[in-house]
1. Looking at the square roots a ≥ b ≥ c of the eigenvalues of the Cα gyration tensor of region 395-442, which shape do they give, rounded for a/c under 1.5, prolate if a/b is larger than b/c, or oblate?
2. Explain nothing, just the number: relative contact order of the chain, from Cα pairs under 8 Å at least 6 residues apart, as a whole percent.
3. Any chance you could give the angle, 0 to 90 degrees and rounded to 10, that helix 26-37 forms with the longest Cα principal axis of the chain?
4. Scan (1) 21.5, 67; (2) 22.6, 70; (3) 23.4, 79 for the value of Rg and Dmax of the Cα atoms in Å calculated from this model and give just the label.
5. By its C-alpha gyration tensor, with a ≥ b ≥ c as the square roots of the eigenvalues, how is region 421-460 shaped: rounded for a/c under 1.5, else prolate for a/b larger than b/c, else oblate?
6. With equal scatterers on the alpha carbons only and no solvent term, can you work out the Debye log10 of I(q)/I(0) for region 106-161 at 0.25, 0.27, 0.28 1/Å?
7. What order do you get for 353, 317 when you list them from fewest to most C-beta neighbours inside 10 Å?
8. Does anyone have the angle between helix 378-392 and the longest principal axis of the chain? Alpha-carbon axes, 0 to 90°, nearest 10?
């Protein structure tokens, strides 16, 4: 029980989860990750790396390494969620201040809204392909001005959007149930797709000896290292979002063992498996159709009609649904609740997320692999890396895992800092982001040329931001009154 919390800082969604209400075990956490990992963007990752110059083996290993790396901050940031039962926006109050916590949480929420839109577009595309198997050629109608998609595509997009809205009304526990039920089904369907490719292409030998470099025949000599490091950063960036708000889920875990083992079993293993499935099936399409088809929704459309295609598209819809609701609704909903706890509910926060997901025109974000990997994934990792560095350094090194739980819900307490903002966190964040800004502007097309130094720095965007912010934050908190003041008023256990 909280002791006299500020009513403007707490409601039922933000208060700590009592130990008796924490029902998530190892299986629940692992299923959560299986449900989030099995989606079209995961399937597309390896093929996207191959198009940039990697062999299929290099692409799969790069994805595996990226996910082993991001597993570390995922587990570390999950610790306070399980220990104190608090969500990400509340945890951020310790390092950023009661009001300053809105900065990292809103940045995380905006990225989630972007991902929500992307996944909703993919889910709508699955419905569109499914409808096409029944209505045949000519289905779609005229292109809509400005949007750049046809009428049927937009209707299917809105239909899938509506399906998700219906589900989120039931709250977080229904999401756990959805992930638990979906996980074994999704693994089975992924293996079934791999089996289809195996038999149609004549075995793995034929599949994986097909041109790995889809555009040029073979990986380009000397190109691997140029692609590897930005790609590794992008793979870390893929789940850098969840590495921040993972307390939104680990707060429901029974023990630290459940959250650690569940994440370790669910994240890197499933990402590696489905990266292999994606690249193997895409390679098989070179043998089967004479061209690489790296978008699974397009592939299923080319298979023609039949019960198998209907089941496959249904599975694709479930995969996208399970990923989107868990990964891209819970976090921004909690963020919007944190902004106005007495006015915003989980459902209302989800509605705001859904609205922003439409407004960003998500189909334009993933229209090319280069823009998807090197602008979108690396770009937001440059923002989220510094936030992760500040959170982890604050909790583990500066506070040694000791938080004033009551103080997190009071404006006048150890986390008041200066007007509710921690200047140390804000300065560390800004300085950590600046070195990556020129490289991002170049990748986004806003600048034609930048110094090679900035291009190299941008290659390691998440790592650079994490390290700079972490070091500056720790030094600032140790040397300024803001750090000493927050420690002096924190109860020690």
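Rule-based calculations on the coordinates, nothing more; no lab input. None of the values given here were measured: they were computed from a predicted structure. Reconstructed Cβ throughout: ideal geometry from the backbone, glycine too, with neighbour counts over all protein chains shown.
1. On the way: a/c = 3.71, a/b = 2.14, b/c = 1.74.
Prolate, because a/c is 1.5 or more and a/b exceeds b/c.
2. Working: 849 pairs, mean separation 152.5, N = 493.
About 31 percent, as a whole number.
3. Value to nearest ten degrees: 50.
4. Recomputing Rg and Dmax of the Cα atoms in Å here gives the entry labelled (2).
5. Details: a/c = 3.74, a/b = 2.40, b/c = 1.56.
Verdict is prolate for region 421-460.
6. Log10 I(q)/I(0), no solvent term: -0.96, -1.04, -1.08.
7. Numbers: 353 27, 317 19.
So the residues, fewest neighbours to most, are 317, 353.
8. Taking the Cα atoms of the chain, the angle to 378-392 is about 30 degrees.
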